[in-house]
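Enquirer: One structure follows; several queries about it will come next.
The values are calculated or read from the model by the stated rules, or taken from the named source; none is laboratory data. These figures come from a predicted structure and were not determined experimentally. Backbone-built Cβ (ideal geometry, glycine too); neighbour counts: all protein chains shown.
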Amino acid sequence: MARINLNGKLVDVDVDGSTPLLWVLREQLGLTGTKYACGIGTCGSCTVHINGEAVRSCLVPLSSLDSSQNITTIEGLSSDNSHPLQLAWKELDVPQCGYCQPGMIMSAAALLNKNPAPSDDDIDANVTNICRCGTFNRVRSGIHLAVDIKKRGGA
Amino acid sequence: MKKDIINVSRRDFLISSGKVGAGFSLGLYLTACSDETGNASKLSNGLTESSVVNQQMAQTPEVNAWVMIQPDDTVIIRIARSEMGQGTLTGLAQLVAEELECDWSKVTTEYPTPGANIKRDNVWGSFSTGGSQGIRGSHDYVRKGGAVARHMLIEAAAEKWGVDITECNAANSIITHVPTARTTTYGQVATAASELFPPEQIELKDPKDWKLIGQPVKRLDTDDKLNGKQIFGADLTMPGMLNASIKACPVFGGKLKSFDDSKVRTMPGVRKVLAVNDDAVAVVADTWWQANTALDKLPVTWDEGTNANVTTASIDKMLDEGLTSSDKVFIGNQNGDVNKALKGAKKIVEATYRYPYQNHATMEPMNATALWTKDKCDVWCPTQNGTAALHAASKAAGLPIEQCDVHKIHLGGGFGRRGSFHDFVEQAVAIAKQLPGTPVKLLWTREEDMAHGHYHPITKCKMVAGLDDQGNLTGLHVRISGQSILAAVNPKWMNNGADTFTFQGMLPEGDHAISYSIPNLLVDHAMRNPPVPPGFWRGVNANQNAIYMESFIDELAHAAGKDPLAFRQKLLQKHPKNLAVLNAVAKKAGWGKPAEKGIYRGLSVFKAFASYVAACAEVSVDDKGQLKIHRIVAATDPGYAVNPQQIEAQVEGSFVFGLSALLYGECTIKGGAVEQSNFHNYPSMLISEMPKVDVIVMPSGGFWGGIGEPTIAVAAPAVLNAIFAATGKRIRQFPLKNVDLRAG
């Protein structure tokens with residue numbers, strides 16, 4: 001039995017400790033917003049936050065976690081699409097198929113956590129998620145718009 | 001006029017999508033509904049939110065097959081084609097709503113099932129979502145669906161008021177009796193309207209009167225994609241569901257010989273280890289992670305069959321032979337006498353290009369969930385063609401089609417992979433059939449997805465052209481050698497053995513007509529079909545044909561000592577729409593004026609999927625050979641533009657797809673199997689590589705062109721021509737990751 005701190009609540013999970021956090025979230029806890037796409041930490045679809053940092057959850061075994069680490073998933077980002085990134089994404093119609101977007105948004109959110117007004121170069125260096133539909137230019141605009149929304153006190 | 005029979009609700013064939021919520025009817029099978037910490041259902045009565053929505057919807061009268069309206073004026077529009085990111089769900093809803101004259105803010109959508117479509121005599125037409133056909137292939141009948149529903153709603157109000165229908169009109173879901181200014185809403189008369197006969201004739205609006213078509217309205221399917229609520233096929237869960245991971249023989253055409261399940265049977269969660277058809281083995285477990293962990297440890301022996309020695313080199317040899325052969329050669333376009341023209345030419349220019357195999361690499365790997373009993377088979381899956389998925393399910397289930405159905409789930413990318421081939425459905429059903437009464441979700445690993453694609457086909461292309469002493473193009477022979485998609489996908493669509501799809505963008509006329517007037521022309525195809533399964537891949541053969549044609553036209557312009565824009569313009573004089581998009585990008589990019597220092601431009605123009613597209617790329621290449629694509633100006637004339645902001649999104653996305661293919665896309669073959677296994681060795685473009693894209697949407701009206709694919713064709717050649725301008729290097733082998741771009 002492992003105890004983790006997920007989206008602000010302590011949750012007990014009874015599963016083999018080698019199970020990656022991605023699959024614990026998806027299969028033990030029913031939080032399917034975090035996606036499987038590569039399983040090798042390359043594509044970023046499974047991005048969650050651990051203590052505010054973007055982490056590829058497919059590479060994090062449950063056994064490496066304990067309740068001192070704050071894990072945030074896309075479901076915990078906001079309960080009502082009110083995070084500045086979600087507002088910006090909605091305003092710009094960013095998603096296409098949408099499969100990579102939870103990971104994309106979580107990568108962008110982690111970037112804004114440490115850098116409240118990132119430059120294009122900062123975005124290039126920190127958002128390394130694959131999107132096959134090709135939403136990149138709207139993702140970039142969305143991050144900049146989220147900064148503006150936050151400045152205006154939108155969320 | 002009233003119907004004699006009551007309109008029977010078909011609610012239980014339907015699943016919803018969009019604002020109403022991803023509820024799956026057949027109420028038994030509900031997706032997991034959990035809060036942000038994964039605690040199950042918040043509703044005390046045990047029903048999930050989705051099932052409540054479905055119960056409400058069950059009360060909704062169907063005005064006709066396309067339109068249902070609830071008492072609160074919510075409009076539910078049926079969408080037969082699949083949404084996979086391309087925005088067709090919103091665009092099709094706009095088409096229906098335009099004629100329906102409903103309140104757009106109250107529109108939501110749902111997918112009918114292909115099984116319901118068969119039971120209702122194909123009332124929704126084609127479910128196939130490929131070839132950029134979503135809107136251009138159904139605009140007429142979906143608009144009629146909206147117009148007919150509007151007529152019936154107005155008629156119902158007129159009957160209620162006892163007035164003549166001609167005295168009434170409708171706008172924004174409100175019906176008005178003009179002489180008395182009385183009003184009612186669609187929701188109030190929907191039930192009465194559903195009992196009327198549809199009008200025999202209905203007129204569609206003149207395009208100049210459109211209010212919603214042409215507007216950049218927001219997508220209807222965004223909200224749930226921002227917070228993880230959107231359910232994709234890979235996310236589906238059902239009570240009692242088991243999970244499967246599968247491995248098929250990595251060698252194409254190979255079979256499963258044996259496996260030793262003694263080592264994995266006792267691993268945690270494992271329920272069953274089983275052969276699937278004659279070429280694969282699957283582990284079924286409580287969770288997918290358990291299934292896949294066990295599958296990784298399962299000893300398997302394959303019978304690799306006759307393709308075990310196939311390599312990229314052996315395939316190249318087949319194709320090289322086809323470049324000059326006269327065996328199995330089909331003509332796609334011919335005019336004048338190309339041999340005579342080449343003999344009389346002042347200058348001959350010749351080049352051979354090669355385009356590799358590529359994987360679709362949808363972000364969501366292939367998957368399907370199946371529930372089989374001896375009487376019935378249901379499948380839930382992301383598919384670009386529900387009807388084809390249904391046929392695959394029926395065949396695999398060994399049950400008549402009437403006893404099967406497919407429930408479409410949003411796709412995590414399609415790009416053609418989920419259209420023609422439903423191997424993943426056949427496998428899921430084959431597994432479920434061995435576990436009667438238990439729903440089983442089959443999810444492929446990325447590695448399985450890379451190994452068992454239906455790949456963009458491989459071709460080579462040899463082009464020989466003649467120029468006269470003025471530098472005019474006098475003759476061109478284009479010889480394509482390589483793989484036919486239709487020979488593998490659907491030989492019935494072939495024309496006396498020829499695959500006309502091979503000639504996309506080089507045909508004499510139609511949706512894929514050649515852009516240029518060339519006095520003596522021969523385009524032919526030596527069909528060479530290696531044992532690697534091909535399939536339709538977003539953009540299909542227009543992608544490499546545009547590279548061949550537009551790179552070579554650039555070569556000819558330089559050989560003739562002419563400006564690439566002027567050289568093209570001269571050949572486009574009889575093709576005003578092609579010329580217009582080309583001129584538009586040249587003007588906006590500033591062609592002819594100096595670019596910033598170190599930045600070079602390249603052009604391309606093409607017609608594909610009935611739309612006219614052009615691009616001007618601006619690139620730099622540093623002294624280490626590092627390419628940077630700074631900006632692309634792109635123009636599209638799709639005839640009618642249903643939603644310009646979604647067209648912009650598709651054009652931008654087309655550059656990501658087309659440039660990812662150009663930069664990285666390559667599947668190589670060794671030992672009869674694909675060598676690439678995941679995104680580390682089959683990369684895709686990242687945001688850091690993405691150029692600024694300036695999109696010009698320039699609909700000229702009068703026709704309906706595609707949007708999702710055409711621009712891919714011009715992406716790569718515009719960049720390649722710009723690289724030539726920057727470095728003097730003409731790249732003829734792809735992808736660019738294998739090429740040294742240093743000038744010299």
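Enquirer: Just wondering, is there one or more residues in the stretch B:224-237 that are modelled with pLDDT under 95, surrounded by fewer than 23 Cβ atoms within 10 Å (Cβ to Cβ) and among the charged types (D, E, K, R)?
Expert: Within the stretch B:224-237 (the criterion being modelled with pLDDT under 95, surrounded by fewer than 23 Cβ atoms within 10 Å (Cβ to Cβ) and among the charged types (D, E, K, R)), the answer is no, since none of the residues qualifies.
Enquirer: Among the listed residues B:GLY482, B:GLY471, B:GLY475, B:GLY453, which satisfies the condition of being farther than 26 Å from B:ARG538 by Cβ and out of contact with any Asp or Glu (no Cβ under 9 Å at 6 or more places or on another chain)?
Expert: B:GLY471
Enquirer: Also, I was wondering about something else. Run A:ARG138 past the list (1) more than 10 Å from chain B (Cβ to nearest Cβ); (2) crowded, with 18+ Cβ neighbours inside 10 Å; (3) over 16 Å from the mean Cα position of the chain (by Cα); (4) outside any loop (DSSP other than H, G, I, E, B) and report the number of the one that doesn't hold.
Expert: The failed condition is (1).
Enquirer: Residue by residue through the stretch A:1-18, note down the ones that are at the interface with chain B (Cβ under 7 Å from one of its Cβ atoms) and among the charged types (D, E, K, R).
Expert: A:LYS9, A:ASP16
Enquirer: Ok, one more. Can you tell me which residue within the stretch B:700-744, out of those that are in contact with a Phe, Trp or Tyr (Cβ under 7 Å, 6 or more places away or on another chain) and assigned to a loop (DSSP other than H, G, I, E, B), is surrounded by the fewest Cβ atoms within 10 Å (Cβ to Cβ)?
Expert: Going through the qualifying residues, I end up with B:GLY701.
Enquirer: Shifting gears a bit: Return the pairs, sorted by first residue and then second, in which the second residue is part of a loop (DSSP other than H, G, I, E, B) and at pLDDT 95 or above, the first residue lies in the stretch B:515-538 and is among the basic types (Lys, Arg), the beta carbons are less than 6 Å apart, and the residues are 6+ apart or on different chains.
Expert: Final answer for the pair search is B:ARG538/B:PHE415; B:ARG538/B:GLY416; B:ARG538/B:GLU709.
Enquirer: Considering every residue within the stretch B:486-496, establish whether at least one is assigned by TED's automatic domain parsing to the domain that holds B:VAL714, of a type in the set (S, T, N, Q) and at pLDDT 95 or above.
Expert: no
Enquirer: Within the stretch B:260-275, track down each residue that is of a type outside the set (A, V, I, L, M) and within 14 Å of chain A (Cβ to nearest Cβ).
Expert: B:THR266, B:PRO268, B:GLY269
Enquirer: Additional query: Can you spot a residue in the stretch B:202-216 that is in a loop (DSSP other than H, G, I, E, B), over 32 Å from the mean Cα position of the chain (by Cα) and small (Gly, Ala, Ser)?
Expert: no
Enquirer: Only one of B:ASP121, B:ASP206 is of a type in the set (Asp, Glu), farther than 28 Å from B:ASN385 by Cβ and out of contact with any Pro (no Cβ under 9 Å at 6 or more places or on another chain). Can you tell me which?
Expert: Testing whether each residue is of a type in the set (Asp, Glu), farther than 28 Å from B:ASN385 by Cβ and out of contact with any Pro (no Cβ under 9 Å at 6 or more places or on another chain) leaves just B:ASP206.
Enquirer: Take B:SER326 and tell me if it is more than 30 Å from B:ILE480 (Cβ to Cβ), small (Gly, Ala, Ser) and exposed (fewer than 13 other Cβ atoms within 10 Å of the Cβ).
Expert: Spelling it out, it is not the case that B:SER326 is more than 30 Å from B:ILE480 (Cβ to Cβ), small (Gly, Ala, Ser) and exposed (fewer than 13 other Cβ atoms within 10 Å of the Cβ).
Enquirer: Looking at (1) outside the structural domain of B:LYS160 (by TED's automatic domain parsing); (2) crowded, with 22+ Cβ neighbours inside 10 Å, which one does B:PHE259 not meet, given that it meets all the others?
Expert: Against the list (1) outside the structural domain of B:LYS160 (by TED's automatic domain parsing); (2) crowded, with 22+ Cβ neighbours inside 10 Å, B:PHE259 comes up short only on (2).
Enquirer: Here's another thing I want to ask about it. Say we look at the stretch B:675-710 and pick out the residues that are among the charged types (D, E, K, R) and within 9 Å of another protein chain (Cβ to nearest Cβ); which of these is nearest to B:GLU448 (Cα to Cα)?
Expert: The selected residue is B:GLU689.
Enquirer: Can you report the number of residues in the stretch B:210-259 which are touching a residue at least 24 places away in the same chain (Cβ under 8 Å), within 30 Å of B:ILE696 (Cβ to Cβ), within 14 Å of another protein chain (Cβ to nearest Cβ) and aliphatic (A, V, I, L, M)?
Expert: Here the count works out to 2.
Enquirer: Collect the residues in the stretch B:487-520 that are part of a helix (DSSP H, G or I) and touching a strand residue (DSSP E or B) at 6+ places or on another chain (Cβ under 9 Å), keeping them in residue-number order.
Expert: Listed by number, the residues that qualify are B:ALA487, B:ALA488, B:VAL489, B:THR500, B:THR502, B:PHE503.
Enquirer: I need every pair where a residue in the stretch B:382-395 that is closer than 15 Å to B:ALA430 by Cβ has its Cβ under 6 Å from the Cβ of a residue that is among the hydroxyl-bearing types (Ser, Thr, Tyr), sequence separation at least 6 or different chains.
Expert: What qualifies is B:ALA389/B:THR383.
Enquirer: Considering each residue of the stretch B:276-304, count those that are within 14 Å of chain A (Cβ to nearest Cβ), over 32 Å from the mean Cα position of the chain (by Cα) and among the hydrophobic types (A, V, I, L, M, F, W, C), and give that number.
Expert: 2
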